[in-house]
Structure formats: structure tokens, C-alpha cells
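The values are calculated or read from the model by the stated rules, or taken from the named source; none is laboratory data. If you're wondering where the values come from, they're calculated on a predicted model, not measured in any experiment. Every residue, glycine as well, gets a Cβ built from its backbone with ideal geometry; the counts of neighbours run over all protein chains shown.
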Amino acid sequence: MHGEYKMPGGKLVVVDLEVRDGRFADVQLSGDFFLEPDSALEAINRALEGQSEHADEAALAASVRDALATDVMMYGISPEAIAVAVRRALHKEPAA
Amino acid sequence: MMRTDWRDHDWQLIHTAPQSPTLHMALDDVLTHEVGAGRRAPTLRIWEWAAPAVVIGRFQSLRNEVDGAAAQRHGIEVVRRVSGGGAMFIEPGNTITYSIYAPQSLVKGLSFQEAYAFFDAWVLEALGELGIKAWYQPLNDITSEGGKIAGAAQVHRGGAVLHHVTMAYDIDAAKMLDVLRIGREKLSDKGTVSAAKRVDPLRSQTGLPREAVIERMVATFRRLHGLSDDDLSAEELAQAEALALGKFGSPAWLADVA
């Protein structure tokens, strides 16, 4: 499943994932945002892996934020924007 | 760390013969590291391309961004760079690309948004001298009345910041759209692309050959910030060639975000 979200004032945030037994699997975040250090990408993928497909946006954003070290720099992307892209992947919402 | 100014540094220019796409990726990695380690003075590098390429951003999905079959059909190499941001479609002569390798002190205390605009202020001035009214469009674009001119990306590493920019000189938009998968969500950004056969803001708005535009840009940088002519050291080149072969030419790096 595939969801895209152009963060207002930010960049394109894309999430590809599967749902197995009601939980996220094979989560892959991608896009044209800026994220440092680059290892934070894997940390975000891991934070979303195994989450319930019923988790709401606030819970998903909190999981992402909790997984990030304090020195991570985000530009054009945010935990909230990632959560929106996840929900769009699940709902197959048309791109805005 | 004190904030420094452009003139506090002894800026060096590197503008060599055309190089391969993977070597360009590696040179950005090596030179950022060398400036961060204090072994190289802050440097402006102008890129010349030996071959066509699609350069995808650090976090872009290879399969979502690039039509691999189309790239192969056109003989276009696909490479992944160290910085975030979007895909660039390069054919020798169709863009102007440069990198600035600077100490982080130059942008100390600036927000990301301010730092992007700061690094390209000299370019806006050069474009003004060439008769193009251009401005910074956050987060990371240079734009003009004739449309988007350039996209920038930054990476911070070990005391240094890499700021690199690709400017559209004269792009074959049909070929670009054949190779890049530009989705609906993204097209809002590149809306002018679908209607045009060519994306040529620099060529059409200056009426100058690409080499002349580069010459004027370098002259502006030199006047504003000071600039000495330099070359890659043998050691820098050897390091970059090893990285180009090992890391940046490897399928694992290219598909790191599949």
C-alpha cells in the first residue's frame, strides 16, 4: 500500500507498507525531504513496523517522535506528516 | 564556535574536465569531509558532466522515482546522492550544478530556511546581473518569473556543510518525464513542466551560452566573497575514485531506499 502527502510548506512524504495480521509490515518511508543523520530513516521505519492498523495519527506521530534521537534534524518533514502519509496508504485516499 | 563571514575564508574554485556521475557523488562526500577536517579551504566546485544521469535524493524511493527501463533505453545512469531533496535529470550541457563546501560556522545560528537562502545569495545577485529577476522560494528552490530555476540541498557533516544546487539551463522535458515518475502529488511543484517541451529558464532568459552563464556566476562569487583557482589534490581524487567504485556505484547504495 502506498500513501503520499505533500506537507504544507514542506516536502513530499511517501509511505509504502503492508498490513499483516492487523499490523504494519515492510514499512518504507521515502520522499524529497531532508533528514539528518540519514540513519534516522531506518529508525522511523522501525518505529512504525508492527504498529496497529487502527492506530490514529496522533499515536503514530508520537511513536515516530519517540524513536528519534534528540540530534535528528528534519526539514520539510515532521512526525505528523509521516502519520498522514501512513493513514493515506491505509485508506487509499486520493492524493490531494 | 563564532559565526564567520564569507570573507573570513580563503575560498577555492574547482572546475575540472567532465566527470562521471558516480565520481561527482563521491567528490561531494570527500570534499565535505576534507573541509570539515580542516585539510581543505572552503571551496566552490562547478560540475561538468561526462554522461547523462538521473540523480535521486538520499531518501527517494528508486522504484517510485525512476522508470528504470526508460533510463536504460536512453542510456541514462541512475545514481543516489548523499543529500535529501528531489531527483535531477542531467544531460551534459542541460544544467549548471555547483557545490559549496563550507565550515558550519558560516551559517551558525541561522535557521535551515535562512541557511539555504544565505548560500545562494551570490547566485541571485549573479542572475540579477544577467537580467533575471530571481528569488528564493522556501524551502530549497530558486525561482523566477519564467519559472523554477534551481533546487538546492544541504548536508551537515563533521564541522562542514555541503550546499549543492542544480540549475535548469535547457532541459528536454519530454525525455525527463519519460525517465522520472513525477506523481500527481508532486506535479503541483513542476506544473510548468507538463506543458513545455523544454525547461530552459536560464537559456531563454539570458540568451547566453551555458559557459558564459557559468563565467558570470564565478565572477560574481569572486567579486563578493573572494575566490582562488584550485584543483583536486591527487589524494582527494584517489579517495573519490575509490568511493565512486565502491559505495556510489554499488547496487546496494542505489537501492538503499528501494
Would you please name the residue that is surrounded by the fewest Cβ atoms within 10 Å (Cβ to Cβ), looking only at residues in segment B:137-155 that are free of Cβ contacts under 8 Å to residues at least 40 places away in the same chain and within 14 Å of chain A (Cβ to nearest Cβ)?
-> B:PRO138
Within segment B:226-249, track down each residue that is part of a helix (DSSP H, G or I) and buried (at least 16 other Cβ atoms within 10 Å of the Cβ).
-> B:GLU236, B:LEU237, B:GLN239, B:ALA240, B:GLU241, B:LEU243, B:ALA244, B:LYS247, B:PHE248
Number of positions in segment A:44-71 that are among the β-branched types (Val, Ile, Thr) and within 12 Å of chain B (Cβ to nearest Cβ) | 1
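Looking for something surrounded by 13 or more Cβ atoms within 10 Å (Cβ to Cβ), within 14 Å of another protein chain (Cβ to nearest Cβ) and without any contact (Cβ under 8 Å) to a residue 60 or more places away in the chain - is there at least one such residue anywhere in segment A:76-90?
No, because not a single residue in segment A:76-90 is surrounded by 13 or more Cβ atoms within 10 Å (Cβ to Cβ), within 14 Å of another protein chain (Cβ to nearest Cβ) and without any contact (Cβ under 8 Å) to a residue 60 or more places away in the chain.
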Report whether or not A:LEU41 is touching a Lys or Arg at 6+ places or on another chain (Cβ under 6 Å) and either in contact (Cβ under 8 Å) with a residue 40 or more places away in the chain or facing chain B (nearest Cβ under 10 Å) (or both).
-> no
Select from segment A:1-29 the residues that are closer than 21 Å to B:HIS163 by Cα, out of contact with any Lys or Arg (no Cβ under 9 Å at 6 or more places or on another chain) and either more than 10 Å from chain B (Cβ to nearest Cβ) or at pLDDT 95 or above (or both) and list them in ascending order.
-> A:GLY10, A:LYS11
Going by the conditions given, is B:ARG63 among the charged types (D, E, K, R) and in contact with a helix residue (DSSP H, G or I) (Cβ under 9 Å, 6 or more places away or on another chain)?
-> no
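Please go through segment A:13-43 and pick out each residue that is closer than 18 Å to B:ARG80 by Cβ and either buried (at least 24 other Cβ atoms within 10 Å of the Cβ) or among the acidic types (Asp, Glu) (or both).
A:VAL14, A:ASP16, A:LEU29, A:SER30, A:GLY31, A:ASP32, A:PHE33, A:PHE34, A:GLU36, A:ASP38, A:GLU42
Conditions tested, residue by residue: (1) touching a strand residue (DSSP E or B) at 6+ places or on another chain (Cβ under 8 Å); (2) closer than 24 Å to B:PHE59 by Cβ; (3) at pLDDT below 95.
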| position | (1), (2), (3) |
| --- | --- |
| B:ALA153 | yes, yes, no |
| B:HIS163 | yes, yes, no |
| B:LYS175 | yes, no, yes |
| B:ASP178 | no, yes, yes |
| B:VAL193 | yes, yes, yes |
| B:ALA196 | no, no, yes |
| B:THR220 | no, no, no |
Mind checking whether some residue in segment B:18-26 is outside any loop (DSSP other than H, G, I, E, B), in contact with a helix residue (DSSP H, G or I) (Cβ under 7 Å, 6 or more places away or on another chain) and of a type in the set (Gly, Ala, Ser)?
-> yes
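Going through B:ALA121, B:ALA117, B:ALA102, B:ALA50 one at a time, which residue ends up being within 14 Å of chain A (Cβ to nearest Cβ) and more than 27 Å from A:VAL15 (Cα to Cα)?
The unique qualifying residue is B:ALA117.
For segment B:60-145, which fully contained strands (runs of 3 or more DSSP E) count at least 2 residues that are among the polar types (S, T, N, Q)?
The qualifying strands (runs of 3 or more DSSP E) are B:95-103, B:141-144.
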Would you point out the residue of segment B:156-175, among those that are more than 12 Å from the chain's Cα centre (by Cα) and within 13 Å of chain A (Cβ to nearest Cβ), that is surrounded by the fewest Cβ atoms within 10 Å (Cβ to Cβ)?
-> B:GLY158
Of the numbered conditions (1) at pLDDT below 95; (2) surrounded by fewer than 16 Cβ atoms within 10 Å (Cβ to Cβ); (3) out of contact with any strand residue (DSSP E or B) (no Cβ under 6 Å at 6 or more places or on another chain), B:GLU215 fails exactly one; give the number of that condition.
-> (1)
